[in-house]
Structure formats: C-alpha cells, structure tokens
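K.L.:
I'd like to ask you about the structure that follows.
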Amino acid sequence: MTFKAAWHPKKSSANRFRDDAGANPGACAARNQQFLSYFLFRYGQHRSPPLGCIFIAIAAAVGIGALVHHAASEAAITVRLALSIAAGVAGFAAVCRKLGSDYAQQCAAVALASGLLSSNRDCLKLLSADGKMLWVSEHGATLMEAESPEQLAGADWLNFWSADDRTAAENACSGALAGKRTSFTGVCATTKGRKKWWNSTLSPVTGKDGTVVALLCASEDVTQQCELLKTLRERDELMHEMESHVRLVFYSYSPDFERFHHVSAGVERVFGITPTELSRRPSAWLELELPEDLEPLRAEMRRIASEAAEGRFEYRIRRPDGCLCWIRSTAYPVRDESGDLVRIVGVSEDITLEQERLEALDRLAYTDGLTGLANRSALVRRMKTLCRQNVPFGLMFIDLDRFKVLNDTLGHTAADRLLKDIAEVIQGALPADACIARLGGDEFAVIISGETDKDTLATLAQSLLGVFSSDVRKANAEPFVTASIGISLFPEHGRDHEALLKSADIAMYGAKKGGRNGFRFADQASSDVLGDFELERSLPKALASEQFVLHFQGIHEPASLAVKGVEALLRWNHPTRGMVGPCSFIPILEASGFIVEVGAWVMDAALAQLAVWRTAGKKGLCISVNVSARQLRDDTIVAVVDEALRKHQLPPRCLEIELTETALMENPSLAQKTLQALKRLGVRIAIDDFGTGYSSLRYLADFSPDTVKIDRSFTARLGCDAATASIVRGIIQMSHELGMKVTAEGVETEKQLHALRDASCDHVQGYFLTKPTNAEDLVDACRSLVMHGQTSVSSFAADGQD
Ligand code: C2E
Ligand code: MG
Ligand code: MG
C-alpha cells in the first residue's frame, strides 16, 4: 500500500494537490497546510502504535508459552490449544505486518514532508501550544542565522519579538490556538541580533479530537521589502516636507494639459489652491490668470504640447486672497521609449519678489537721477517699441541755449536746480502721455505720440519755448533760459531710433545756427549741417586723442623779409576727413565752450614750439596766438597764458595775442579787463582782421593794442584799387601815430608786398612769403626764401629785441 493510497484511499490526494496547485496557488498553499496538518497528525498518531503492537506480540507469545505449559497437565484441550496457538501466530503475524506497513508509510511521509519543508523559503517552525519551538526548518534556521535548527529548538518563540511586536505575536498565537489562521508583520532579531522584518502566518495543528495540539508558523523574511518601503516612505515624507515648505509647485501634467498626475503641496502657497481642488478642476489655476497674460500662456502651452518641446513662461495671477503675484513656470516634456509624449513635468515658482527687484533696478536703470525723468536708455527703449509697432510719433530734441555759460556762472548746484525746474516746466507744458527724457547735460528729448502732424508739433514746440523761458525765469529770478528744439517724425525722418535722434539733433543744431530760442523740423536742408554736426560729435575726443596740431606762418619784415615772428594756426587732423581748417570747427568749439580747453592747449603747444626755436638760436623770434571771444570771457585765460610762459621760460613780450574786433565787442568791459590783465603780464595784444568788423578807430584808442593786423581783404585789393591803397595807408599812418605796429595779412603778390613796404607797413604775412605749415617745413620754407635771394637764413634765426 502506497502513501497516496494510505492518505486517501479513494482518490490520489497527491494528484489532487498537484492539480489544484497548478490551478490555484492560494488554494495550493492552504492544501500544503492541510497536508502538513494531516501528516503531522498521522505522524503523531503512529508514533505509539508500534509499541502497542510489540506489546500485543509479546503478550501473545507469553500467552502461547502459558498454554504450552498448561497443555502438559490438561491433554484434553488440545484442539483449543492448537487454535490458541494459531490465533497467537496469526495475531503476531498481523501485528508484524502492520508494523512494517506503517513504518514504510511514515518514511514516505517524512521524505515528502522534508522535501516540501526544505523547498520552502520561509522560516517554518512548529510551535507547541505554549509557544516553544518544537521544530525549525533548515532554511528557517539559516534565515534566523542559527547554526542549526537544534540551536533554536525549545526556545520560546514569543521572546524573539521586539517589545513593539510582541503583542501582535501573542495575538496571532492565541488566534491560531483558537483554531484560526492568523498572520502579522513584525520585527524579530536573528540569533546574531540582526533585526529582520517577518511576515508570519500561524496555522493551528489539530489533534485527532480536533483540539489544537501545535501551531505551524511560516515566517517570510520581508526585511528587504520593508526597508525598501521604509526608504520610499522616508523619501516620500522628505519630498512632502520640501514641497510643502518651498514656494515651488512640482507638477506632472497629462500631455494635453488636461489633467494633473501630481501637484505638490506648494501649490497652496503659490497659487492659493489645494492639490485636491486642482485634481478636481485642473483648470482652476488658469482662472487666476490676468486676462492679458492668459492668451500668451495658452499659446505657449499649445506649443509645448504640439512640439513636445521645453517651455518657460512668466505670467501674473490674482490669488484667491487678492494678492497679485508673478509666476514663472517651466515645463519639460517626458517621452516613453517609443518617443511618445507621456507627460509634461515642471515647476512653477513665485517670482514676485524677483520681479519687484527687477522693476526697482529697471527704474534705476531707466531714470535720470537728477530730474527723475526718463533717461536716454528709456527714451531709446520707448522709441524702439513705437518703431517696431509702426506707431507714428514725433521726437523733439531740446537743447538749452548757452547752458554752459549758465553752468559756469551759476555754479553746478544752482545749475542742477535750474535743470530740475526746466524738467518740471517741460512736463507741465506737454501732454501727460508725452515721454520726456533727459539725455544728459542740458539736453532733453520728448516723444509725442498720437497727434503727430507738423502743425500740432509746431504749436507744442512754440508754446514750450514760450512757457519755458518765462516759467524758468520766474523760478530762478536771474537766468534767462532759452532753448533750441529740433523735431523729427517717424517714419518721415527715419525708421529707427538712431536716425530719428540724429535728424532731430541736426534740426536742433539748425535752430541754434538760426539764432537760437527756436525750433526746426528735420528736413533735407538740415543735412548740410550734418558736416558740422559730425565734427561736433567727434570734438570731445579729438583733444584727448591728440588730433589737434599747430601750423605756423611766418610774419616778415617787408624789406629784408626776415622772419620777425610766426603765427600759430590750429588744424584738426581728423581721422577720416584729413586736415580740417579752423574755420570749420572753431565756431563749434566756441559754441560748445570747448574752445577754452583747446585754446589752453594751443597756448601751451605754441609756446613750447617757440621755446624750441629760441633754444635753437632764434632768440628774437615772437609768436602770435589767436584767442577767441569765448576764451576772452573765461577768467582762466590770464592764468593759462601766465602758466604757459612760465612753463616754457619765455619772456612775455615774445607772445602776441590776436583778438578779433568782434571778440572785443562781445563784452567790451570784460574784454577790457582781461586785456588789462594780459598787458600787465607783459604780453602784447594785436587786433586781428582789422577792417572787417566795426573798424571803429575809437576802439583802437580804447584797447590800445600793440599791433593792428590789416585784414587780407584789403591786401587783396592793394595793387588794383586806389581807394583801398589810401585806406591801408591811412590805417598804417594812424596806427603809427597811436604807437602801434601794423601787420598786413594775406600778401599773395610781389606788387602787394611793394605797396605795403612803400606804405611803411611794419610786417607782412602771406602765401607770397610763407604758407602756414608745420614747424620743420616752416624752417625749410624760410631757407627756400633765401635761395630765391629774397632774404637770408639768419632772417629766421635773427636775434631781436623781445
Ligand atoms: P587769422 O588769425 O586771420 O589767420 C590768418 C588766416 O589767413 C589763416 O587762415 C591763414 O592760413 C590765412 N592766410 C595767410 N596768408 C594768406 C594768404 O596769402 N592768402 C589767403 N587767402 N589766406 C592766407 P586759417 O589758418 O584758415 O585760419 C583762419 C582763422 O582761424 C584765423 O584767422 C583765426 O581767426 C582762426 N584761428 C586759427 N587758429 C586759431 C586758434 O588757435 N585759436 C583761435 N581762437 N582761432 C584760430
Ligand atoms: Mg590771426
Ligand atoms: Mg587775421
């Protein structure tokens, strides 16, 4: 009889077990348990029968022996004896057979059970009703890090559990003892003290009478899973903490932006909406959007979804609590292995503070610190926007007239106050939507959009000029401020800010040339000013980059043609225009006030050259330096001259300062004072271009110059016009009577030279003798004058009286 048959004679339970196992693993486990219960029950039941059978056999044998012994005395009962013996033998045989069969059955069961137990990966234990470990599987011992199952046998199973889990273990035990299958998860240390997580299931093992005689405990080592879970949980908690404390929202959106997979807790801080609300109504956050920001945001979302491209957008929301916030959202598309867009993840952050800081910086960067008006950058930015949007507008370029003089006379603090007042005047006189900027110094610019026809702009400019001078005068009592305004129109005078600024600037320059305190529209005619305008723009750096040079022209004695002196004449060696004559830029230098600095340089450079010549032996040589009206007004001129003379260790008499009549007449009393101071230094004074200005002989008496320089227009007519000859003779004669020397300019012919010589002119100057040239060439020119037999080398180097 096989084990299968013995276990279930009618049907192969092992087969059934196998069949069911294949069909349903859960049921299979239950049957395993059933089977083991059955097995252990049988095992427990058959442990005693072999002893009983042996006892019966022994009893039978003893009985037979007693019968044999009894037969000797009672022969009559032979048949009963024989039957008794037969019964005894049969009983013995039956017992022996039974013993053999049960033993084989047990061996098979043990083999099967041990096979099943050893293949089980759990820690299997058989617990006594009082919780002692009767038996532990080999693998169970390994899981418990015991040397062998025996090490654990007899130990109290409940003692292994940590304090926290002991109650659960006890409950599971009592449940199983009550006949239920119980389970729990808890931590119990191995024999080596290493804590492990176990998932334990306790099944009751019932005896024949149905009472629970033992418990089968299967503990699955779930330490790895538990630790993994713990790590995940911790990570989750960390994420949650971080998410709920930062002003950031982490989100995962469906690829069509229709629903959220996840929105972090920060959404409540940033948007004022709960994650639950968002998962219910995924568009709730879009409803907070400011209307003007909504469409661009939606467009960007559509682009991200259709192109599966990264995106970043900034927008404003009005939170449910009424706060206006700036949000920056970044979105990153996530694709699966086949390249399909599976979700869009990203971060949204509250950038309100950042925006406020940027706005503050922006204000700082685009505001003029003195007046609080917009600055040049702001103006350019506005113009760029209008040009881009193709919105017609007018640009007024306002430059205060003679502000430099005001600045110099008022002092910087008062001038700054004046500029502030002017800014207010401009603001008050123009429409509220006009963009008014201070470009720097005394330059302002205004953008007028909307009504931009020329008539409107002309009216505005005119009223500005009117209000301007009167208002500023009221506010500042003394200075009378006027301005020159240039106006350009978009798109008529340029399609970009640079062209418009330039044409308005040129127009303004035109207004200045036209007498100041006026306005001009940019037009073609104003382009002729462009030459001057460009020069003016590059003037400030011309001095620093040493673009100015001096040329010298000889002043000769008419008879010997000996060089008595030289006149220093300024030239601008322009990087693109070449050598530019003084008539093109001296007026600009004067208008801008730069002549003061340039004039100081001229004085220094001229005296430096004279010092070189004088050191080289031309001891009596003098130099004439031109000084403009603007320089004469500047109270530094005397100091400049004095310093240059001292620096180059030159006697003052070797310097002659040439002033035009016009310069002297601009402010006669100031000129008189300056002249007196210069004269006190010992410097000589010449009236230049005599005859072209007022030609008032009275001024000759008033200013009592040392030299009168007859303008070349007279010289030019000397040989052909008798009247001019008499005038020239008259000037020379009268000047001599006043104790002045006379120099005739512009001598171009020998005839002119002879006429002047005959008229007792003291000195002559002109192309016929020497042309203005650099210092070295002038010496060569004088030599060639010698070679032509007109003078001698020594004439240039002649010693003379200082
Ligand atoms: P200016 O002081 O009357 O100088 C004489 C001008 O006549 C010079 O012109 C000279 O080149 C020119 N000239 C000399 N001989 C002849 C001649 O035979 N024929 C003709 N047609 N012209 C002759 P330039 O150098 O162009 O100077 C023009 C004016 O510029 C000067 O007139 C002077 O008023 C002014 N200037 C020159 N250098 C300076 C300077 O350093 N400072 C100031 N403030 N003005 C200067
Ligand atoms: Mg001169
Ligand atoms: Mg002259």
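The values are calculated or read from the model by the stated rules, or taken from the named source; none is laboratory data. Just so it is clear, the structure is predicted and the values come from calculations on it, not from any experiment. Every residue, glycine as well, gets a Cβ built from its backbone with ideal geometry; the counts of neighbours run over all protein chains shown.
K.L.:
Which of (1) in contact (Cβ under 8 Å) with a residue 12 or more places away in the chain; (2) among the polar types (S, T, N, Q); (3) crowded, with 17+ Cβ neighbours inside 10 Å; (4) farther than 30 Å from residue 306 by Cβ does residue 377 not meet, given it meets every other one?
P.N.:
Just one mismatch for residue 377, condition (3).
K.L.:
Something else: Go through region 773-788 and count every residue that is modelled with pLDDT of 90 or more and assigned to a helix (DSSP H, G or I). Lay out the reasoning, then the answer.
P.N.:
Going through region 773-788, the residues modelled with pLDDT of 90 or more turn out to be 773-775.
Those left that are additionally assigned to a helix (DSSP H, G or I): 775.
Number of matching residues: 1.
K.L.:
Return the pairs, sorted by first residue and then second, in which the second residue is away from ligand 2 (no atom under 16 Å from the Cβ) and in a helix (DSSP H, G or I), the first residue lies in region 697-716 and is in contact (Cβ under 8 Å) with a residue 24 or more places away in the chain and of a type in the set (Ser, Thr, Tyr), the beta carbons are less than 7 Å apart, and the residues are 6+ apart or on different chains.
P.N.:
Here the result reads 715/752, each pair linking region 697-716 to a residue that is away from ligand 2 (no atom under 16 Å from the Cβ) and in a helix (DSSP H, G or I).
K.L.:
Considering only residues that are of a type in the set (A, V, I, L, M) and within 11 Å of ligand 1 (Cβ to nearest atom), which ones fall in region 601-618? Break it down into steps so the answer makes sense when it comes.
P.N.:
The initial filter retains those residues of region 601-618 that are of a type in the set (A, V, I, L, M), namely 602-603, 605-608, 610-612, 616.
Within region 601-618, 602, 603, 605, 606 qualify.
K.L.:
Can I ask one more? State whether one or more residues within region 655-667 are assigned to a loop (DSSP other than H, G, I, E, B), assigned by TED's automatic domain parsing to the domain that holds residue 752, in contact with a helix residue (DSSP H, G or I) (Cβ under 9 Å, 6 or more places away or on another chain) and charged (D, E, K, R).
P.N.:
no
K.L.:
Can you tell me which condition residue 572 does not meet? The list is (1) under 14 Å from residue 771 (Cα atoms); (2) within 11 Å of ligand 1 (Cβ to nearest atom), and all the others hold.
P.N.:
Evaluating residue 572 over (1) under 14 Å from residue 771 (Cα atoms); (2) within 11 Å of ligand 1 (Cβ to nearest atom) leaves (1) as the failure.
K.L.:
Only residues that are without any contact (Cβ under 8 Å) to a residue 40 or more places away in the chain, part of a helix (DSSP H, G or I) and out of contact with any helix residue (DSSP H, G or I) (no Cβ under 9 Å at 6 or more places or on another chain): list them for region 244-276, please.
P.N.:
276
K.L.:
For residues that are more than 9 Å from ligand 1 (Cβ to nearest atom) and in contact with a Leu (Cβ under 8 Å, 6 or more places away or on another chain), scanning just region 585-600, find the one that is farthest from residue 409 (Cα to Cα).
P.N.:
The qualifying residue farthest from residue 409 (Cα to Cα) is 585.
K.L.:
Within region 178-225, work out how many residues are of a type in the set (Lys, Arg) and surrounded by 13 or more Cβ atoms within 10 Å (Cβ to Cβ). Spell out how you get there, then give the answer.
P.N.:
Keep residues of region 178-225 that are of a type in the set (Lys, Arg), which gives 180-181, 192, 194-196, 208.
Applying the additional criterion that residues be surrounded by 13 or more Cβ atoms within 10 Å (Cβ to Cβ) yields 180-181, 196.
Count: 3.
K.L.:
A further question follows. Can you pull out the residues in region 739-786 that are out of contact with any Lys or Arg (no Cβ under 6 Å at 6 or more places or on another chain), among the aliphatic types (A, V, I, L, M) and away from ligand 1 (no atom under 12 Å from the Cβ)?
P.N.:
Matches in region 739-786: 740, 742, 755, 756, 775, 778, 779, 781, 785, 786.
K.L.:
Let me ask something additional. Taking residue 637 and the conditions (1) within 13 Å of ligand 1 (Cβ to nearest atom); (2) within 14 Å of residue 704 (Cα to Cα); (3) not acidic (Asp, Glu), which numbered condition does it fall short on, given that it satisfies the others?
P.N.:
(2)
K.L.:
Quick check on this structure: which one of 185, 211 is hydroxyl-bearing (Ser, Thr, Tyr) and either closer than 19 Å to residue 134 by Cα or in contact with a Ser or Thr (Cβ under 6 Å, 6 or more places away or on another chain) (or both)? If you could, list the steps in order and put the result at the bottom.
P.N.:
Numbers: 185 fails: either closer than 19 Å to residue 134 by Cα or in contact with a Ser or Thr (Cβ under 6 Å, 6 or more places away or on another chain) (or both).
Every option except 211 fails the conditions.
K.L.:
Moving on. Which numbered condition trips up residue 689, out of (1) within 16 Å of ligand 2 (Cβ to nearest atom); (2) closer than 15 Å to residue 764 by Cβ?
P.N.:
Residue 689 satisfies every listed condition except (2).
K.L.:
Six or more apart or on different chains, Cβ atoms under 7 Å: show the pairs whose first residue is in region 623-642 and assigned by TED's automatic domain parsing to the domain that holds residue 553 and whose second is assigned to a loop (DSSP other than H, G, I, E, B) and of a type outside the set (Asp, Glu).
P.N.:
630/593; 633/667; 637/627; 641/683
K.L.:
A follow-up question, please. Tell me the residue from 629, 686 that is touching a Pro at 6+ places or on another chain (Cβ under 8 Å) and among the small types (Gly, Ala, Ser), please. It would help to see each step written out before you state the result.
P.N.:
Values: 629 fails: touching a Pro at 6+ places or on another chain (Cβ under 8 Å).
Just one listed residue meets the conditions, 686.
K.L.:
Only residues that are part of a helix (DSSP H, G or I), modelled with pLDDT under 90 and surrounded by fewer than 18 Cβ atoms within 10 Å (Cβ to Cβ): list them for region 696-733, please.
P.N.:
Once the filter is applied, which keeps residues that are part of a helix (DSSP H, G or I), modelled with pLDDT under 90 and surrounded by fewer than 18 Cβ atoms within 10 Å (Cβ to Cβ), region 696-733 yields 697, 698, 701, 702, 713, 722, 723, 727.
K.L.:
Just to be sure I understand the filter: pairs with C-beta atoms under 6 Å, separated by 6 or more residues or on different chains, first member in region 175-195 and within 18 Å of residue 226 (Cβ to Cβ) and touching a residue at least 24 places away in the same chain (Cβ under 8 Å), second member among the hydrophobic types (A, V, I, L, M, F, W, C) and assigned to a strand (DSSP E or B). Which pairs pass?
P.N.:
186/161; 187/197; 188/161; 188/198; 195/187; 195/189
K.L.:
What strands (runs of 3 or more DSSP E), lying completely within region 536-630, carry at least 1 residues that are more than 16 Å from ligand 2 (Cβ to nearest atom) and more than 17 Å from residue 651 (Cβ to Cβ)?
P.N.:
Numbers: elements: 548-556, 563-574, 578-580, 622-626.
Here the list reads 548-556, 563-574, 578-580.
K.L.:
Hey, could you check region 633-664 for residues that are within 16 Å of ligand 3 (Cβ to nearest atom) and of a type in the set (A, V, I, L, M, F, W, C) and say which is nearest to residue 567 (Cα to Cα)? Break it down into steps so the answer makes sense when it comes.
P.N.:
In the first step, residues of region 633-664 are kept if they are within 16 Å of ligand 3 (Cβ to nearest atom); the result is 656-664.
With of a type in the set (A, V, I, L, M, F, W, C) added as a condition, the list becomes 657, 659, 663-664.
Values: 657: 10, 659: 13, 663: 18, 664: 20 Å.
Ranking the candidates gives 657 first.
K.L.:
Does region 188-200 include one or more residues that are part of a loop (DSSP other than H, G, I, E, B) and at positive phi? Don't jump to the end; show me each part of the working.
P.N.:
Let us first name the residues in region 188-200 that are part of a loop (DSSP other than H, G, I, E, B), namely 190-194.
From the residues that got through so far, the ones that are at positive phi too are 193.
Yes, some residue in region 188-200 is part of a loop (DSSP other than H, G, I, E, B) and at positive phi.
K.L.:
Would you check which residues across region 347-366 are over 13 Å from residue 324 (Cβ atoms) and part of a strand (DSSP E or B) and list them?
P.N.:
347, 348, 349
Condition check ((1) within 16 Å of ligand 2 (Cβ to nearest atom); (2) touching a residue at least 24 places away in the same chain (Cβ under 8 Å); (3) under 30 Å from residue 645 (Cα atoms)) across all residues:
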residue	(1), (2), (3)
681	no, yes, yes
743	yes, yes, yes
746	yes, yes, yes
766	yes, yes, yes
770	yes, yes, yes
777	no, no, yes
780	no, no, yes
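K.L.:
I'd like the residue in region 642-669 that is away from ligand 2 (no atom under 16 Å from the Cβ) and aliphatic (A, V, I, L, M) and, out of all such residues, is nearest to the chain's Cα centre (by Cα).
P.N.:
Residues of region 642-669 that are away from ligand 2 (no atom under 16 Å from the Cβ), as a first pass: 642-654, 665-669.
Still in the running and aliphatic (A, V, I, L, M): 644-645, 650, 665.
Numbers: 644: 52, 645: 56, 650: 60, 665: 59 Å.
Checked region 642-669; the qualifying residue nearest to the chain's Cα centre (by Cα) is 644.
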